[in-house]
Amino acid sequence: MNLKVLFSVLFVTLFLAISCEKQTLQTNSQIDAETLALVDDEVLADINFAELLDESDDGIFWGDIDFFSLKSAETVEGTCPAREVEKADGKVKVTLTFSGDDCGKSGVIIIEYLRGDAKIRNKKKSITYVDFTNKKGVTFNGTKIIIRGDDNYNITAELTITKQNEDGEAVKFERNYHRQIRWICGLKTRKNHDDNIKKITGKSEVVKYINDVEVKSYSREILRPLLIVKACALQIQAGSVKIEKGDGTELKIDYGKMPKEISCDADFDCDSEIEVTKDGETFKVTFDENGKRVKQNKED
């Protein structure tokens, strides 16, 4: 085979490979509605999880000195949340009440110091949500048990999450999960959540209800650690998740590759596009800062 023919064959092969890739990587308008709904639910769940971490990342939870020194009298009327501290039988309980127009959230979070195994003393706490509703109108009930290390911690939780969808239906999720979180940036400046960067691994079991009728159940496993970057519009910036439905169908959500290096002093290069793989086909999906999927035009 002479060089001219060889180059022609290589060119055609490369052209076909690129064409196939373009056909495989499609826009979200070509994904079926059920898959898109599941992707919407799971991306929002990741964002909500990142936000719930903020509710317990400040000195009330992580700084034992701050935790024990809090007094109800320190709360200024009109601020959010209001704090109430109870000390009895060597235990401490802090109740945070979110209310008022200046708050943007509502409900109660109860943080308790737990005296358990001596090896984890001062490092094990529980967080209970009682009708806690965040700024997106998502309501949480249930309890998380958290065991903290130096810059790592484990969370085991049983939570019920409810919201109203755009059609007015009552959507409820029961999520039982175990996750491991590792601080990358922001540990020393916990009151400034915007500089937080963390990695997450773990597994979950999920049941979804609409108007109190079970519609699906599935398991979820983080294949590559999720990277939470609070300064980004889409807070999950890397990692991948595998979702396995009750009928054996698998779905993969890919947030992107983990950066080789992360500088805590530099602006993070944020991206709001993810990839969804189902039945061997990969689709692009874009989300806005509120965790809402950006719908593609038909010609895209």
The range 121-210: strands (runs of 3 or more DSSP E) wholly inside it with 3 or more residues that are within 22 Å of L234 (Cα to Cα) and within 18 Å of the chain's Cα centre (by Cα) are 152-164, 170-185, 197-210
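Within the range 235-252, is even one residue of a type in the set (A, V, I, L, M) and farther than 15 Å from E42 by Cα? Talk me through it step by step, then tell me what you get.
Quick first cut of the range 235-252, residues of a type in the set (A, V, I, L, M) only: 236, 238, 241, 243, 251.
Keeping just the survivors that are farther than 15 Å from E42 by Cα gives none.
No, the range 235-252 contains no residue that is of a type in the set (A, V, I, L, M) and farther than 15 Å from E42 by Cα.
Go through the range 235-265 residue by residue and tally those that are part of a loop (DSSP other than H, G, I, E, B) and not hydroxyl-bearing (S, T, Y).
Of all residues in the range 235-265, those part of a loop (DSSP other than H, G, I, E, B) come to 235, 246-249, 257-265.
Applying the additional criterion that residues be not hydroxyl-bearing (S, T, Y) yields 235, 246-248, 257-262, 264-265.
Residues flagged as part of a loop (DSSP other than H, G, I, E, B) and not hydroxyl-bearing (S, T, Y) within the range 235-265 amount to 12.
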Reported set for the range 187-200 where residues are buried (at least 17 other Cβ atoms within 10 Å of the Cβ) and closer than 25 Å to D254 by Cα is H193, D195, N196, I197, K198, K199, I200
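Read the figures in this text as sums done on the coordinates, not as results from a lab. Please read all numbers here as calculations on a predicted model, not as lab measurements. Here the Cβ is made from the backbone with ideal geometry for all residues, glycine too, and neighbour counts use every protein chain on show.
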